[in-house]
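Please read the structure below before turning to the comments.
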């Protein structure tokens, strides 16, 4: 019964993604003192501009949120990175496996923490964003999708927020390759 | 292909050199926070009382289970399953050494045992604390004492039981954080 519900939920979610061109990911903060954070979620808009048969220049605007364990949605971290990347497919066709380094800027970074006395501490920052990702681009029917795994870091104030992300997205491209019809 | 792998490796390795998260860096918290376990143990009339607090430096907001708070004096307090335990170091600068409190200074509440408050009250009652280490904001040491139970609490005067009938032995405390 539980398995049936899960499968149904997955199918509904896939249909929603296909219809909404949604781009979503699950994330985990890693590094020192990150054990207090739950699994995070991200939503992003990513587009690609083909520059060769094998590669695209990509642009991505995202919003990532990580809540702290034990505090509901009261405390956590939000980051909104704007990134440019170079997505290179390994077989040179613009489909299949790819690698993608990205650089960018964190437009908004807010971390809200409880103090020892129970008061809120709100920290605001920006910072440079670096990311390295790999993924697989495929089509379901005529809809192109991108399943990707990424390591990303936001560097600011002498520290860094690091996380790994597993995402799926409907590919949005500004133009088609010559080999696409 | 090598080019992309090198870029990916640099991207991963460079931030790994930064040991702090951004919030920790902004708050000046050291990168790798170690958990310090604080303990308080003693036998009261042969009954073992024990408190263990993992990650004693981060006991969160509200009531802390075990700590030593600096005000005009230093007050060591712990919350046990049977009640609380309190001892005041009457000094404005806590150091390694012996701290004794006798009934000649007046009655002083220490703990609750078998539902009765226990005081330094009788003529031979005392609490003797020995702070053996005070390092990085944490104190450790040992203690013993002799107390008198309150039979009937009252104001302004309690009615006490047999003087010196409650003994505290083999007391020890480790890594108790000192808070300011």
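The values are calculated or read from the model by the stated rules, or taken from the named source; none is laboratory data. On a predicted model such as this, the values are computed, not experimentally measured, just so you know. For neighbour counting, all protein chains shown are included, and Cβ atoms are generated from backbone atoms with ideal geometry for every residue, glycine included.
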Criterion (touching a strand residue (DSSP E or B) at 6+ places or on another chain (Cβ under 6 Å) and modelled with pLDDT under 80) met by exactly one of A:177, A:142
A:177
Hits in the range A:96-115 (condition: assigned to a strand (DSSP E or B) and facing another protein chain (nearest Cβ under 9 Å))
A:99, A:100, A:101, A:102, A:103, A:109, A:111, A:113, A:114
Suppose we keep only residues that are at pLDDT 90 or above and under 13 Å from the mean Cα position of the chain (by Cα) within the range B:43-64. Which one would you say is farthest from the other protein chains (Cβ to nearest Cβ)?
B:50
Looking only at the range A:158-167, decide whether some residue is at pLDDT below 90, more than 7 Å from chain B (Cβ to nearest Cβ) and more than 15 Å from residue A:48 (Cα to Cα).
yes
Regarding residue A:32, is this residue within 14 Å of another protein chain (Cβ to nearest Cβ), crowded, with 17+ Cβ neighbours inside 10 Å and free of Cβ contacts under 8 Å to residues at least 12 places away in the same chain?
yes
Residue A:131 is checked against (1) surrounded by fewer than 19 Cβ atoms within 10 Å (Cβ to Cβ); (2) within 15 Å of the chain's Cα centre (by Cα) and fails just one. What number does that condition carry?
(1)
Say whether the condition of being touching a residue at least 40 places away in the same chain (Cβ under 8 Å), part of a strand (DSSP E or B), farther than 22 Å from residue B:177 by Cβ and in contact with a strand residue (DSSP E or B) (Cβ under 8 Å, 6 or more places away or on another chain) is met by at least one residue in the range B:151-160.
yes
Search result, residues across the range A:151-168 that are in a strand (DSSP E or B) and without any contact (Cβ under 8 Å) to a residue 24 or more places away in the chain
A:151, A:159
Within the range A:116-128, restricting to residues that are modelled with pLDDT of 90 or more and outside any strand (DSSP E or B), the one that is surrounded by the fewest Cβ atoms within 10 Å (Cβ to Cβ) is A:126
